[in-house]
Amino acid sequence: MHEMSIAISIVELACQQAGTAGAGRITRVEVEVGALAGVLADSLRFCYEAASRDTMAADSELVIIELPGDGECASCHGRRDMTEALALCPDCGGIMRPRGGRELRLRAIEVDD
């Protein structure tokens, strides 16, 4: 379950940034996750709760903003939405290359002083 290592990294980064800003407690963390990032939102929420325990992010709200997958066909260059990292073009059967949807980034942190 790689979601645990992702959750730990999110908590560490959020705590580092909040500490640098002189915050006392993190109340909310927003994360952008692409549809092709290979991250299960429910697993990430569960792992975040465990990873944030006994940190300044304990009991904070994790908001996951899901971003759509986007790809381009290697053969006909058509752009299409993608829900899986490996897909065939519905028009010509060529291999789709992911162009967007692999993002995984910390978007925002809300804190109390």
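The values are calculated or read from the model by the stated rules, or taken from the named source; none is laboratory data. Every value quoted in this text rests on a predicted model; they were computed, and no experiment measured them. Methodologically, a virtual Cβ is constructed for each residue, glycine included, from the backbone with ideal geometry; neighbour enumeration extends over all protein chains shown. All accessible areas refer to the heavy atoms of the entire protein, side chains included, with ligands and DNA or RNA removed. Shrake-Rupley method; radii C 1.70, N 1.55, O 1.52, S 1.80 Å.
Any idea how far the Cα center of segment 46-113 sits from the one of segment 6-24, in Å? Centre-to-centre distance over Cα atoms comes out at 21 Å. The stretch between I95 and E49 holds 12.7 nm of extra length on full extension. This uses 0.36 nm per residue minus the Cα-Cα distance. Considering only A7, A18, G71, and ranking their Cα positions along the charge dipole of the chain that arises from unit charges at the beta-carbon of Lys, Arg, Asp and Glu, the one farthest toward the positive end is G71. Relative to the longest principal axis of the Cα atoms of the chain, the long axis of helix 3-20 lies at roughly 50 degrees.
Please report the carbon-and-sulfur percent of the accessible area for the chain; probe 1.4 Å, protein heavy atoms only, DNA, RNA and ligands left out. Each step should come with its number before you reach the end.
Details: 3280 of 6750 Å².
Ligands and nucleic acids excluded, carbon and sulfur give 49 percent.
Protein heavy-atom accessible surface, 1.4 Å probe, per residue over segment 1-111: 59 Å². In this simple spin-label approximation, V63 and L13 carry label points 7 Å from Cα along the Cα→Cβ vector, and these lie 1.7 nm apart. Between the helical axis of 41-52 and the longest alpha-carbon principal axis of the chain there is an angle of about 20 degrees. Candidates L86, C47, G34 compared by Cα position along the dipole of the chain: farthest toward the positive end lies L86, with charges placed on Cβ. For the chain, a simple Cβ point-charge model (Lys and Arg +1, Asp and Glu -1, everything else neutral) yields a dipole of about 400 debye relative to the Cα centre. In a GNM of the chain with a 10 Å cut-off on Cα contacts, which of G69, G24, G38 has the highest mean-square fluctuation? Result: G24 has the largest fluctuation of those listed.
Please compute the net charge surrounding S52, taking Lys and Arg as +1 and Asp and Glu as -1 over other residues with Cβ under 13 Å from its Cβ.
Details: positive: R25, R28, R45, R53; negative: E12, E49, D54, D59, E61.
Within the 13 Å Cβ shell, the charges total -1.
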